[in-house]
Amino acid sequence: MPCSRQQDEDLTGELLALAVAMAQAAGKVLLAHYGRPTGVGTKSSATDPVSDADRASEALLTESIVRARPADAVVGEEGADRRGSSGLRWVIDPLDGTVNYLYGHPGWCVSVACEDPEGGLVGVVHDPLLQETFTAARGRGAFLRSGAGPAVALACNEPVPLRQALIATGFAYDRGQRARQAALLADLLGRVRDVRRVGSAALDACAVAAGRVDAYYEDSTAAWDVAAGAVIASEAGAVTTPLPGWAGRSGLLAAGPTLHAELRALLA
């Protein structure tokens, strides 16, 4: 028997509450390791690090999902890959911004998304240092809660002319791709207000939602980098579309409708 609309809404609420609880619990794990990194190694390149903190955070997230939602699928940056039968899939980045984290630099977070066959259903990005939690669910808007304060509704900046736009971006770990991205950035820099590089795709997408930047683009992300942030930016009114990448990757472009159209044409 098909689920009623009320049942769908109840399920979405449960998933969002679970995502918030897990992201904040993982944030506490990361804070416990912060400033004392251990088990540091590399993945795709010598500049793509992973640490015991990444692994501990992903273990907590995965175990929490399996315990609460044993029929759901899970995929995570540090190897989580669990098949499911419910039609729901969790996409988790246990520590987005590992380089920042290892250097003691701000700009790292926990990213948790849940997808159904239609795409992103809920998204949560938690910044443990700032105690900021960005949340969104399809059709329910996007919100930011700082500490114990009330949740504040988010809205992206719109309209924004290209020449006045503050743009966020990121770069690949592969040196050849970084050179290509730098050439594109050099051309773009003369057309916009300025560019920011935080080092966390999830936080960049949330910055679009909060109006802290006008747009974010990157063509070298993985699904877990942007899954939650894309839901949050979209629910804040941004247009979010895949950005064709390299080596089979698909990045993200997020901006208000007016700016999105201009940037899409330039980045093509």
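Just so it is clear, none of the values below were taken in a lab; they were calculated from the coordinates. Keep in mind it's a predicted model, so treat the numbers as computed, not measured. Methodologically, a virtual Cβ is constructed for each residue, glycine included, from the backbone with ideal geometry; neighbour enumeration extends over all protein chains shown.
Amide H contacts under 5 Å for E77: I92, restricted to partners 5 or more places along the chain or on a different chain, H placed in the peptide plane at 1.01 Å from N.
Taking a ≥ b ≥ c as the square roots of the Cα gyration tensor eigenvalues, with a/c under 1.5 meaning rounded and otherwise prolate when a/b beats b/c, else oblate, which class fits the range 5-153?
On the way: a/c = 2.21, a/b = 1.38, b/c = 1.60.
Oblate shape, in that a/c is at least 1.5 and b/c is the bigger or equal ratio.
What ranking do 213-221, 201-209, 163-171 get when scored by the average of other Cβ atoms within 10 Å per residue, highest first? Present the calculation step by step, with values, prior to reporting the outcome.
Details: 213-221: 26.3, 201-209: 30.7, 163-171: 19.2.
For the peptides 213-221, 201-209, 163-171, the packing ranking is 201-209, 213-221, 163-171.
Can you list residues from other chains, or at least 5 along the same chain, whose modelled amide H is less than 5 Å from the amide H of V40? Answer set, sorted by chain and number: D52. Among G251, G237, G87, the largest mean-square fluctuation in a Gaussian network model of the chain, built with springs joining Cα atoms closer than 10 Å, belongs to G87. Sorted fewest first by neighbouring Cβ atoms within 10 angstrom, R180, R67 come out as R67, R180. Relative contact order of the chain: 16 percent, from C-alpha pairs under 8 Å at least 6 residues apart in sequence. Using θ = phi - 60° in the Karplus curve 6.51 cos²θ - 1.76 cosθ + 1.60, the 3J(HN,Hα) couplings for the range 148-165 round to 9, x, x, 6, 10, 5, 10, 8, 6, 6, 6, x, 10, x, 3, 5, 10, 7 Hz; x is entered for Gly and Pro. Put in order of Cβ neighbour count within 10 Å, fewest first, the listed residues H126, H260, H105 become H105, H260, H126. Taken over the chain, the convex hull of the Cα atoms encloses 128 Å³ per residue. Couplings 3J(HN,Hα) for the range 93-98, derived from phi with the Karplus relation 6.51 cos²θ - 1.76 cosθ + 1.60 (θ = phi - 60°), are 10, x, 7, 8, x, 4 Hz, where x marks Gly and Pro.
Less than 5 angstrom separates the built amide H of G211 from those of N157, all sequence-distant by 5 or more or on a different chain. Placing a pseudo-label 7 Å from each Cα along the Cα-to-Cβ vector at A46 and S85 gives an inter-label distance of 4.9 nm.
The length gained by stretching the chain between A265 and S146 to full extension, at 0.36 nm per residue less their Cα-Cα distance, is 39.3 nm. For the range 162-267, a Kirkwood hydrodynamic radius built from all Cα pairs, placed in the Stokes-Einstein relation at 10 °C and 1.306 mPa s, yields a translational diffusion coefficient of 119 µm²/s. Report note on the peptides 47-57, 75-85: ranked by the mean count of other C-beta atoms within 10 Å, highest first, their order is 47-57, 75-85. A Gaussian network model of the chain, with springs between Cα atoms under 10 Å, assigns the largest mean-square fluctuation among P94, P257, P117 to P117.
When S250, S234 are arranged by Cβ crowding within 10 Å, least crowded first, meaning fewest neighbours, the order is S250, S234.
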